[in-house]
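The values are calculated or read from the model by the stated rules, or taken from the named source; none is laboratory data. The model shown is predicted, which means the values in this text are computed figures rather than measured ones. As a convention, Cβ positions derive from the backbone with ideal geometry for all residues, glycine included, and neighbour counts pool all protein chains shown.
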Amino acid sequence: MKFGPAAGSHGGFASAPVRIAVLVAALLAMAMPSLLRTDAETQGADAQARVHGSQATLSTSAAGQRSLVAPVVMPRAAHFGAMTPSADARLMADWVAATDDSAGATFVVIDKRAALLYAFDGQARLLATSPVLLGSALGDETVPGIGDRPIALVRPEERTTPAGRFVAERGRNTRGEDVVWVDYDAAVSIHRVVTAVPAERRLDRLASPTAADNRISYGCINLPAAFYESHIRPAFARQTGIVYILPEVATMQQVFGL
């Protein structure tokens, strides 16, 4: 028996799996770069998506955070121009500006220690400033009932200019002169300087560079006549205004809560 064809057929069937394996291997080899490239690209795309997703999350988070943060609003401050006020005068005027305590009306700050008056418009902008004469006695309180007494019966230690917040308006005193009443019941007003007693040298006191000699009145606030006419009288002509008189014995906290 010849085994040639049989052997050859047997050899043909035996080599087919090898050829198939080789073919499959070749096909895999050809496909592998594409598969690997596709997998890498997929991984890269996933990674990129994760990066973009992270950025999107951060952006959204940042946007969300921005939307939750309220805008910073700086409190309004008083404008003193070229003037350098005392710390208490600055504190008072800035508080009025920030809170609009004067409700847009003219207001006045009187610094008793410095013997100065600051007049502001309704926007807390300084209009003018002037030296003032004040009560001869130190103190921030008014003696009860003092406004009902004849001026001759007011004792020296009772001649104080009270500290506090006052709603002031124009009126007339017992001599018929127009004044701005600060505390009508206590007979305390802002008015033109009184020069009836030359020995008191009130004009000289107003003109002096120091506040040490500005204590001479019974409690009222005396101003140069020209300043009163130019700034105080027109400011209170048609409306009330607020007068803030700073303390000289008590603290700002005690009087104003500041």
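Overview of results
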| read-out | value |
| --- | --- |
| Pair list, Cβ < 6 Å and 6+ apart or interchain, from region 230-249 residues that are at pLDDT 90 or above to residues that are assigned to a strand (DSSP E or B) and among the aromatic types (Phe, Trp, Tyr) | Gly241/Phe107; Ile242/Phe107; Val243/Phe166 |
| Only one of Arg170, Arg215, Arg155, Arg165 that is surrounded by fewer than 20 Cβ atoms within 10 Å (Cβ to Cβ), touching a strand residue (DSSP E or B) at 6+ places or on another chain (Cβ under 6 Å) and over 24 Å from Arg125 (Cα atoms) | Arg215 |
| Residue within region 142-158 that is within 17 Å of Asn222 (Cα to Cα) and not aliphatic (A, V, I, L, M) present | no |
| Members of region 186-206 that are in a helix (DSSP H, G or I) and in contact (Cβ under 8 Å) with a residue 24 or more places away in the chain | Arg202, Arg205, Leu206 |
| Leading residue by the ranking (surrounded by the fewest Cβ atoms within 10 Å (Cβ to Cβ)) among those in region 218-258 that are more than 27 Å from the chain's Cα centre (by Cα) and among the charged types (D, E, K, R) | Arg238 |
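Residue by residue, here is whether (1) within 19 Å of Val249 (Cβ to Cβ); (2) part of a helix (DSSP H, G or I); (3) in contact (Cβ under 8 Å) with a residue 60 or more places away in the chain holds:
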{"position": "Thr129", "(1), (2), (3)": "no, no, no"}
{"position": "Leu134", "(1), (2), (3)": "yes, no, yes"}
{"position": "Leu138", "(1), (2), (3)": "yes, no, yes"}
{"position": "Thr142", "(1), (2), (3)": "yes, no, yes"}
{"position": "Gly147", "(1), (2), (3)": "no, yes, no"}
{"position": "Glu157", "(1), (2), (3)": "yes, yes, no"}
{"position": "Val167", "(1), (2), (3)": "no, no, yes"}
{"position": "Arg170", "(1), (2), (3)": "no, no, yes"}
{"position": "Arg175", "(1), (2), (3)": "no, no, no"}
